[in-house]
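Down below is the structure, laid out as structure tokens.
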Amino acid sequence: MTGNKALGTMFGATGVSTFMGLPGCDDLSQLQARIALIGADGCTPYPSVGFYCAGGPAAIRGAGAAYAANLTHMNFDLGGPVFPHGVTAVDLGDLPVAEGDAAGNRALLQSTVAKVLDRGAVPFLLGGDDSLPIPMLQAFAGRGRELTILQIDAHIDWRDDVGGERLGLSSTMRRASEMDHVGQIIQVGQRGIGSARPGDVADALAYGVTFVPAGEVARAGIGPVVDLVPKGADVVVCLDLDALDPAVMPAVIGRTAGGMSYWQVLDLISAVASKARIAAFDMVEFMPDRDIDGQGAAVAAQLLAGVMGIVARQDAG
């Protein structure tokens, strides 16, 4: 036994199936919590890779199990316990998605997020690949508020299709731009060579996207990004874990040097929450087969706990 598991056992953690030992919730009509965690191994796969991030939610939950006995303990990333006014989150577990039923997966995910929103809670989507945010964003349609999207990602996801698939992981931001309830899109952390062609970048700029590449964050900090977020906006944060530098997040399909640090990501989300409202959050593109000694899972779990704490404080205020 090593790492977080050994430390958690020493301090009294026992085997749990939910993230950090959070309460489960089997009946969304009875949801009372302010945050609802939803896991999914994938949504709309490309035939060539399938659900290549399958097991991602389970791995991150496993890394968070060490915190199960410590929910009331000090979290120095937040300046207090994760939930300063009592636990205000539940874990709904993983949705029963299937590689052969992409349409059914999307419908299930959209309806689940919609039920969470109907109960006044903030959905936290844990993946799984980066096709998951599309139905999550669709669930906000008709709710009377325009969304601002903050995507934190090494890639821009503006392909119209890949191999004829228009709802896959390379097209999330282009599909988002086509939704009537989506307004401003801010994309942070781009670097290296990815699937985007110059024409995809041009289309994004024509829509009105502001890009802040990882190199600019390294040189100028997160302030210029925070300045782009409208005060009082409803913000959906879409975090692709390959936004983080592979030195701290190896569990991604394409490791690319020059990524953002843990603190840059957490401080950015915290600063956004101080001037706007985080209406939803997703953490995707965790690939268990690429992890090294559980390092990536531990970082993802720590970051997920931090964002939950930020949103818990936002709602309490």
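Please treat every number below as a calculation from the coordinates, not as lab data. No experiment lies behind these values; they were computed from the predicted model shown. Cβ atoms come from the backbone with ideal geometry, glycine included; neighbour counts cover every protein chain shown.
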For the chain, the charge dipole (Cβ of Lys, Arg +1; Cβ of Asp, Glu -1; about the Cα centre) points to a positive end, and the Cα of Ile193, Val307, Ala102 closest to that extreme belongs to Val307
Here the range 19-26 yields Karplus 3J(HN,Hα) values (6.51, -1.76, 1.60; θ = phi - 60°; whole Hz; Gly and Pro given as x) of 5, 6, x, 4, x, x, 8, 9
Mind telling me which of Val209, Val225, Val49 comes out most flexible in a GNM of the chain, alpha-carbon contacts under 10 Å? Val49
Sorted by chain and then number, the residues having a modelled amide H within less than 5 Å of the amide H of Val212, at least 5 places away or on another chain, are Gln187, Val188, Gly189, Gln190
Determine the percent antiparallel among the DSSP beta bridges restricted to the range 3-316, to the nearest 5. 5
Using amide H atoms built in the peptide plane, which far-off residues or other-chain residues are under 5 Å from Val122 H to H? Ile35, Ala36
Quick shape summary for the range 190-290, equivalent ellipsoid via Cα gyration tensor, semi-axes whole Å in descending order, reads 22, 18, 14
Taking every DSSP beta bridge that has both residues in the range 120-225, what percent is antiparallel when rounded to the nearest 5? 10
Give the long-range amide H neighbours of Ala279: residues separated by 5 or more places, or on another chain, with amide H under 5 Å away, using H modelled in the peptide plane at 1.01 Å from N. Val235, Val236, Val237
Need one word for the range 117-240: rounded, prolate or oblate. Basis is the Cα gyration tensor (sqrt eigenvalues a ≥ b ≥ c); a/c below 1.5 gives rounded, then a/b vs b/c decides. oblate
If you compute log10 I(q)/I(0) by the Debye sum over Cα atoms at q = 0.09, 0.11 Å⁻¹ for the structure shown, which of (i) -0.40, -0.62; (ii) -0.54, -0.74; (iii) -0.49, -0.71 do you land on? (i)
Hz values of 3J(HN,Hα) by residue in the range 244-255 - Karplus curve (6.51, -1.76, 1.60), Gly and Pro given as x: 6, 5, x, 4, 10, 10, x, 7, 9, 6, x, 6
Please compute the length gained on full extension between Asp27 and Asp293, using 0.36 nm multiplied by the number of residues separating them and subtracting their Cα-Cα distance. 92.2 nm
Note down the nm distance, to one decimal, between modelled labels 7 Å out along Cα→Cβ at Val162 and at Phe211. 1.7
Pick out which of Ala206, Ala154, Ala257 has the largest mean-square fluctuation in a Gaussian network model of the chain, springs linking Cα atoms closer than 10 Å. Ala206
Phi to ³J(HN,Hα) by Karplus 6.51 cos²θ - 1.76 cosθ + 1.60 over the range 180-194, Hz, x for Gly, Pro: 4, 8, 9, x, 6, 10, 10, 10, 10, x, 4, 6, x, 10, x
